[in-house]
Amino acid sequence: MNRRPVAVATALFAWLVVLSPSISSACSVCTAGRDEENAAAFLMTTIFMSCLPLLALGMFIYVLWRRFQKLEAEIEANRALKELAS
């Protein structure tokens, strides 16, 4: 069984994978600091991604707080009705 074609194909594929970023200029950070517009976009994205979990947690706490307030008001209303009925 001849394994040479498989070895050559594997080596060629590995070579293409290693050189593909330089061929296509596909570096993700090479041009990030060159444009003022890109820098602003990266900054705004960073701020958004940092604030989103805090906003979600704050909203969750606010919803729970409001729900507890409504439940307490409902309990007080039921107590007042029971006192009036007795």
Arg3, sole failed condition from (1) modelled with pLDDT of 95 or more; (2) exposed (fewer than 10 other Cβ atoms within 10 Å of the Cβ)
(1)
Under 6 Å between Cβ atoms, which residue pairs at least 6 apart in sequence (or on different chains) link something in the range 40-58 that is at pLDDT 90 or above with a partner that is not hydroxyl-bearing (Ser, Thr, Tyr)?
none
Does Thr10 satisfy the criteria of being modelled with pLDDT of 85 or more, surrounded by 10 or more Cβ atoms within 10 Å (Cβ to Cβ) and within 22 Å of the chain's Cα centre (by Cα)?
no
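Being assigned to a helix (DSSP H, G or I) and aliphatic (A, V, I, L, M) is the filter; apply it to the range 13-39 and report the residue that is modelled with the highest pLDDT.
Ala14
The values are calculated or read from the model by the stated rules, or taken from the named source; none is laboratory data. Worth saying up front: this structure is predicted, and the values here are computed from it rather than measured. All Cβ positions, even for glycine, are placed from backbone atoms using ideal geometry, and neighbour counts span all protein chains on display.
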